[in-house]
1. Go ahead and run the numbers for FRET between A51 and S108, Cβ-Cβ distance against an R0 of 25 Å, rounding to 0.05.
2. Under the 0.36 nm per residue contour assumption, what length would be gained going from the current alpha-carbon distance of R85 and V327 to full extension?
3. Using a 7 Å offset from Cα along Cα-Cβ at M255, what residues in the range 280-308 end up with backbone N under 18 Å from the label point?
4. Between V277 and residues 5 or more places away or on another chain, which pairs have amide H atoms under 5 Å apart, with H built 1.01 Å from N, and which residues are they?
5. Considering only protein heavy atoms, with the full assembly of protein chains and a 1.4 angstrom probe, order H365, H191 by accessible area, largest first.
6. Karplus couplings for the range 116-122 from phi (6.51 cos²θ - 1.76 cosθ + 1.60, θ = phi - 60°), rounded to Hz, Gly and Pro as x?
7. Ordering M295, M255, M157 from largest to smallest accessible area (1.4 angstrom probe), what's the sequence?
8. At q = 0.09, 0.13, 0.21 Å⁻¹, what log₁₀ I(q)/I(0) does a Debye calculation on the Cα points of the range 1-122 give, no solvent, two decimals?
Amino acid sequence: MSAIPLQDRQDAADRVLDAAIQHAIFGVDPLVIVKSPPGAGKTFLVECACAVATAAPAMRVVVVTPGVSQLYDVVDRLLGYRLPRLEVAHAKHRTLPALLQGRITASSGWSPTLNIGPGVVVTNAHLLASYLAQLGPNAFDLMIVDEAYQLAASDFMPVADLARRVLMVGDPGQLDPVNSADTSNLEASPHKIHWSAPAYVLDRFSKTPVYSLPVTRRLPPSTSGLVQAAFYPDLPFDSVVDSADRRLRFNIAGMEPGIDAALDAIAAGASLVAITVPGSAPAHEEADPEVAAVMARVADRLLVRQGEWVGRRRLTEADIGCIDPHVISGGAIGERLRELGRAAIRVETVERWQGLQLPVSVVRHPLSRSGAPVAFDLEAGRWCVSLSRHQVACVVVARASVTDVIANYVHGCDTVAAGAKDATWSGFNAHRTIWQTLLDQGQVFTV
């Protein structure tokens, strides 16, 4: 942890944010990239950029998101600002979520009445690409690409010349863009259009200005150091969270071996712990009933023991979330929660948790499976998202066989094109770093 005082580190981070916005709006470079670790305030940066750009420069701004869920989230946040104009455009078959109904009117598709005078239009890349003939080059003064590392270069390039200036903001450690085709051969191509938009730009134009946000405002210090070392070797950051503000206290003593011991470790100051279930995952089954039961029991014990976020509130079901890499195994967790009367606890896949945060997360280890791990299980971005949603604590639930799976893993060296980055090997190294650190720290408990 840095020896620099907490407030000084917060102020330094704010200066980086301000400098990135000033460069993107007033600088001489047409494109600026901002790299952000989890919970650094990148969405706040987008909000501030919109407010500044529509004020003195009186710009026409478009905020581009990879998907519609991010679109609605940005609109919800921007409604808190007094912008000269705020508009949303989504596909014709969509309706606004309940959160936005009555607060803003959405355009179904593109309309000629949009983007008149200073203000902001929030939409997604696919919709803009469908109306290129109507929009034309430089239809906007500034394009802000939110969650840019989730947007493939192939989706960005068709809309790239719609604005004179582009600001890309995103987290390089999270999930890569979804590609429905086999892109392995493209790894050796000079144009890696399947990469994220920022990665492609930096690969082709290495002198593009890059600002790196140096802090996380979400993760506790004990988690941020581990996450940074495992997933962000090229993005140094530390936590500006006061550990005293991220403590759990239990008003009822524990009595269950393993589970309560892990929760007591959290109450003692740990923010990332693991619980192992003896044996290996059942073969030929997509869900592991025993792991699902333990995950549900962890969530239940947090509430039965009257867990309290010290200085804030007693935990409720809304403060706890379960993260599983697969839909079917996640469904098994949800079923166990319903049996315990905890149906309101949210269970989702990693993709749906991306961009969200909550006080306590309960995560299924992706290597808790039968057989050798595959690329999906080892993907670094998926594991990074799983371990970086929590504000107070994260409990990883795994089969005890995970230790042997990692120790005995044999990596195939013929899985990627010559000279290409081996993302699977990077993911394995991240898994090995995380698990070994938890073992060394004595933060792995057995039920």
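1. 0.40
2. The span from R85 to V327 would gain 83.1 nm if fully extended.
3. Correct set: 297-307.
4. So V277 has HN proximity to A398, R399, A400.
5. Largest to smallest exposure gives the sequence H191, H365.
6. Whole-Hz 3J(HN,Hα) from phi for the range 116-122: 9, x, x, x, 10, 10, 10.
7. The ranking, largest first, comes out as M255, M157, M295.
8. -0.30, -0.60, -1.27
The values are calculated or read from the model by the stated rules, or taken from the named source; none is laboratory data. The structure displayed is predicted, hence computed values, not measured ones. Neighbour counts are summed over all protein chains in view; Cβ atoms, including those assigned to glycine, are modelled from backbone coordinates with ideal geometry. SASA here: full protein model, heavy atoms, side chains in, ligands and nucleic acids out. Shrake-Rupley method; radii C 1.70, N 1.55, O 1.52, S 1.80 Å.
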